[in-house]
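Notes follow once the structure below has been shown.
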Amino acid sequence: MIQFDEINSNNASKLLRVNTPKSVFELYSSSYIITEEQKAFYSSNGFVVLRDVVDNEQLNFIRKIMEAAVFIRKGKDERELKDKTPYEQSFLQCGFLCWDFPAVKEFVFAKRFAGIARDLMSANGARLWHDQALFKEAGGRHTDVHQDSSYWPIAEPLKTTTMWLALNDVPEEKGCLYFFPDSHNKQREYVDIFKNPHKPEVIKDIQPVYTPLKAGDATFHSGLTYHGAGSNRTKEMREAMTIIYIADGNKFNANDPRNATHKSCDGLKHNDIINTRYTPRLI
Ligand SMILES: O=C(O)CCC(=O)C(=O)O
């Protein structure tokens, strides 16, 4: 049974209908300027840590709407952590929230975050691939190492990036992400983190970089970067919201039978430009 301090079955839907404050809209439409150093770091390491992407004041509102959305999706699941599958013990995963909850849509469609993604991918524009909340329960298992692109039917995986925004403080012991620097340039290897996780050979000699975050900080990582997360050894939920972007112009690769049915590519044929109703251009 998941529990949040202020969210419960009586107020979750109501909270999601509260008007978004003006200051939050202003944040969504403002730019976060990344430096040349940060861009170069991302390009050579495959990830970057960005501080204060969201200020504390706005984060309080954003955190509440994400908690309410996760509560609505997962609140009825009364299983204890130990009764879940190993994959489910790694996180409460809630995808495509923006299509169910208008307040989440405002966040996911924000030009501020899409602008960072566009600049890091050195693209002309950025499209939404999908959003997902990833909340790791107290005592939650580690997240197995993988490359996100293994699960996506996208022709140019380097032109994809994930923003992982910390909604509360995420020190190492709460299950922060870690990345294998420069691993986006290594050979790809499918890791089935749902049923058969393993550590890929190609990264066995690379030291991972842990990225503890303060609430409001974010990491961005490419779809080719090998990464994982530690277990949550605290008594608090680890709360993260992610948005995954693709460079405008990226194409659908239907050849891989594992992932050719992805919802975001609904109706596309092999080699079509990805431009479905789930993947609007955000900037
Ligand atoms: O949140 C986690 O534990 C893993 C996140 C992840 O793998 C991702 O966002 O690509």
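Brief remarks on what is shown
- For segment 87-209, the direction-averaged projected area of the alpha-carbon convex hull comes to 8.8 nm².
- Projected onto planes of every orientation and averaged, the convex hull of the alpha-carbon atoms in the chain covers 14.0 nm².
- Of all the options TRP164, TRP152, TRP99, the one that moves most in a Gaussian network model of the chain with Cα springs shorter than 10 angstrom is TRP99.
- The ellipsoid equivalent to the alpha-carbon distribution of segment 99-154 has semi-axes of 24, 18, 11 angstrom, derived from the gyration tensor eigenvalues as √(5λ) and listed largest first.
- Given charges at Cβ of Lys, Arg, Asp, Glu: the chain dipole, positive-most of LEU224, PRO280, MET163: PRO280
- The listed peptides 55-64, 187-196, ordered by packing as a protection proxy, come out as 55-64, 187-196 (highest mean of other Cβ atoms within 10 Å first).
- For segment 12-265, with all protein chains in place and a probe radius of 1.4 Å, 49% of the accessible heavy-atom surface sits on carbon or sulfur.
- Placing unit charges on each Cβ (+1 for Lys and Arg, -1 for Asp and Glu) gives the chain a dipole about its Cα centre, and among THR234, GLY46, TYR245 the Cα reaching farthest toward its positive end belongs to TYR245.
- Each Cα pair of segment 1-142 feeds into the Kirkwood radius, which the Stokes-Einstein equation turns, at 20 °C and 1.002 mPa s, into a diffusion coefficient of 127 µm²/s.
- Per DSSP, loop GluC sites (Glu not before Pro) in segment 71-178 with at most 10 further Cβ within 10 Å: GLU78, GLU80
- Computed magnitude of the charge dipole of segment 44-182 (debye, nearest 20; Cβ of K, R +1, Cβ of D, E -1): 340 debye
- With the charge dipole of segment 12-265 set up from +1 on Lys and Arg Cβ and -1 on Asp and Glu Cβ about the Cα centre, the Cα lying farthest toward the positive end among the listed residues SER90, GLN147, PRO212 is that of SER90.
- Calculated mean residue ellipticity, 222 nm, the chain: -6500 deg cm²/dmol, from DSSP H runs (n ≥ 4) at -39500 (n - 2.57) each, averaged per residue and rounded to 500.
- Under Karplus coefficients 6.51, -1.76 and 1.60, residue-wise ³J(HN,Hα) of segment 213-219 in Hz, glycine/proline x: 10, 8, 3, x, 7, 9, 10
- Simple Cβ-charge dipole of the chain, Lys/Arg +1 and Asp/Glu -1, about Cα centre, in debye nearest 20: 600 debye
- Residue-normalised accessible area of the chain, given per residue in Å² at a 1.4 Å probe: 46 Å²
- Within the shell of other residues whose beta carbon sits under 9 angstrom from the beta carbon of TYR278, the net charge comes to +1, with Lys and Arg scored +1 and Asp and Glu -1.
- Legend: residue pairs LYS111/LYS214; LYS74/LYS204; LYS39/LYS214, Cα-Cα distance threshold 24 Å; pairs beyond threshold, LYS74/LYS204.
- Residue with peak Gaussian network fluctuation, the chain [Cα springs, cutoff 10 Å], from HIS184, HIS130, HIS262: HIS262
- Computed extension length for THR85-ARG277: 65.9 nm, one decimal, from 0.36 nm per residue of separation with the Cα-Cα distance subtracted.
- Point-to-point label distance, LYS204-GLU78, nm (Cα→Cβ direction, 7 Å offset): 4.7 nm
- 3J(HN,Hα) from dihedral phi, segment 28-45, Karplus parametrisation 6.51/-1.76/1.60, rounded to Hz, x for glycine, proline: 4, 9, 8, 8, 10, 7, 9, 7, 4, 5, 5, 5, 5, 4, 4, 5, 8, 9
The values are calculated or read from the model by the stated rules, or taken from the named source; none is laboratory data. Small disclaimer: the values here were computed from a predicted structure and weren't measured. Here Cβ is always computed from backbone atoms with ideal geometry, including for glycine, and neighbour counts include all displayed protein chains. Protein only, heavy atoms only, side chains kept; ligands, DNA and RNA dropped before computing areas. Shrake-Rupley method; radii C 1.70, N 1.55, O 1.52, S 1.80 Å.
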